[in-house]
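Engineer: One structure is given below, represented as structure tokens, and several questions about it will come after.
The values are calculated or read from the model by the stated rules, or taken from the named source; none is laboratory data. None of these values were measured; they are calculated from a predicted model. Positions of Cβ are generated from backbone atoms using ideal geometry, with glycine treated the same way; all protein chains shown enter the neighbour counts.
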Amino acid sequence: MIRFRPSVSLATSLIGILDIMIAFNDDVSTLSNDVSRSKRMLSAFAKTWPNRARVKKEELVPIFEENKEDFLEELLPFKDQARYLSASKEMKSKVLTCGWIMYNAKTVQIETEIVAPACSDITAGRLPGLDDPEAQLAASETMVDEAYHLHLVEEANRLTKRWRGMDTLHVPQFHLVGYMKQMQAQMEHAWQRQMIQFCTAVVSEIFISDYLHLLSENQEIQSFNRQTVEAHRHDEMSHSPLFRSFGKLYFYNLTEAQQAFCADILPRPVVWFADRELDVWLSLLQQINFPDAEAMIQECRDQHEVDLAALDYAGIVSLASEIGMLDTKVGRDSFAKQGLLG
């Protein structure tokens, strides 16, 4: 079992976040109390940002360790497939490097295509309930965090490609972003497209991937890779409760019709995140000339392309419950349809 030994900076950040959450853990049995609590939490998070933001800390020092891999084998969708298990050590190492580069590329697409535009909508005052100075300050600080995450993972990929001699490796667009854009393209009104963007961002920030936990704690992978993920996780631990507050204030200020639309939209990005991105994997495996890559990926498809069991989406379900979304038929039906209710 992998045990989490937080760094001093991460531990300090966690303590600060817990202090904020405990301080505002008052009675939320009424809508007015929940709105007030969410607004005060936004203000508190904004005020503590200079002390907790990873962008304010020292830069990571790049280091390459000859005897360590880039990624964890247990995170590969085909880790138990015979074709992978019989591959040479050198080929397996290339696959693990692909996994690391793919992980970082997905982070880039999430930050630039999903989170940053949603934060821009907040700072521009385009989202109901989030057009006050406190929300806009918290959103602008989040954009700085996300820009730093972009810098971190882009630098990690540049260095990894150079160290491993894989400079030409290209990562295509992920299904996650494509699903969101496809749904937006079907909508007639701007507020619907903005809501899809915002809900996808809320899910992305509340749902903290197991990849963050596993990669930031593992001592067997490249230290620079582990430290890169730990720096990212440092900020995401605070973004989760922050976006929870964003979500509440937003939902409470929607019309009844808009709330119904939101209830239909919110669970969908969870399933989008659960997509195992097998098309991306196939592209990468073919680029490194992995033998019978298409057949191996087809075996994965035959099992399942979406793996909800690998995700902890309890935070999304609890948010929906707290704001009353699951008290409505459309909300219950929508979450049940996506397989999120037991």
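Engineer: Report, ordered by the first and then the second residue, all pairs with beta carbons closer than 9 Å, sequence separation of six or more or different chains, a first member in the stretch 266-289 that is without any contact (Cβ under 8 Å) to a residue 24 or more places away in the chain and more than 20 Å from Ala310 (Cα to Cα), and a second member that is of a type in the set (Val, Ile, Thr) and part of a helix (DSSP H, G or I).
Structural biologist: Leu282/Ile297
Engineer: May I ask you to say which residue of Leu254, Leu308, Leu284 is more than 24 Å from Ala201 (Cβ to Cβ) and of a type in the set (A, V, I, L, M, F, W, C)?
Structural biologist: Step by step, each of Leu254, Leu308, Leu284 is checked, and only Leu284 is more than 24 Å from Ala201 (Cβ to Cβ) and of a type in the set (A, V, I, L, M, F, W, C).
Engineer: Output the residue which, of all residues in the stretch 193-218 that are among the hydroxyl-bearing types (Ser, Thr, Tyr) and part of a helix (DSSP H, G or I), is modelled with the highest pLDDT.
Structural biologist: Result: Thr200.
Engineer: What is the residue count in the stretch 219-239 for residues that are of a type in the set (Ser, Thr, Tyr) and modelled with pLDDT under 85?
Structural biologist: 1
Engineer: What's the number of the only condition in (1) of a type outside the set (Asp, Glu); (2) closer than 19 Å to Thr107 by Cβ; (3) surrounded by 15 or more Cβ atoms within 10 Å (Cβ to Cβ) that Ala147 fails to meet?
Structural biologist: So the condition that Ala147 fails would be (3).
Engineer: Okay, next question. I'm trying to understand the selection: among the residues of the stretch 56-115, which are over 18 Å from Ile297 (Cα atoms) and of a type in the set (A, V, I, L, M)?
Structural biologist: Residues satisfying the conditions are Leu60, Val61, Ile63, Leu72, Ile101, Ala105, Val108, Ile110, Ile114, Val115.
Engineer: Are there helices (runs of 4 or more DSSP H) fully within the stretch 244-299 with at least 2 residues that are more than 18 Å from Lys94 (Cβ to Cβ) and of a type in the set (Val, Ile, Thr)? List them.
Structural biologist: Result: 268-274.
Engineer: In the stretch 47-82, which residues are at pLDDT 90 or above and more than 21 Å from Asn225 (Cβ to Cβ)?
Structural biologist: Asp80, Gln81, Ala82 - these are the residues of the stretch 47-82 that are at pLDDT 90 or above and more than 21 Å from Asn225 (Cβ to Cβ).
Engineer: Then there is this: Please specify each residue of the stretch 308-336 satisfying the condition of being without any contact (Cβ under 8 Å) to a residue 60 or more places away in the chain and under 26 Å from the mean Cα position of the chain (by Cα).
Structural biologist: Listed by number, the residues that qualify are Leu308, Ala309, Ala314, Val317, Ser318, Ala320, Ser321, Gly324, Leu326, Arg332, Asp333, Ala336.
Engineer: Listed residues Gly125, Gly129; which is crowded, with 18+ Cβ neighbours inside 10 Å and at positive phi?
Structural biologist: Gly129
Engineer: Among the residues in the stretch 257-277, are any crowded, with 23+ Cβ neighbours inside 10 Å, modelled with pLDDT of 95 or more, under 14 Å from Val203 (Cα atoms) and over 15 Å from the mean Cα position of the chain (by Cα)?
Structural biologist: Yes, because at least one residue in the stretch 257-277 is crowded, with 23+ Cβ neighbours inside 10 Å, modelled with pLDDT of 95 or more, under 14 Å from Val203 (Cα atoms) and over 15 Å from the mean Cα position of the chain (by Cα).
Engineer: Please note which helices (runs of 4 or more DSSP H) are completely contained in the stretch 58-169 and include at least 2 residues that are among the polar types (S, T, N, Q).
Structural biologist: So the answer is 89-109, 116-123, 133-164.
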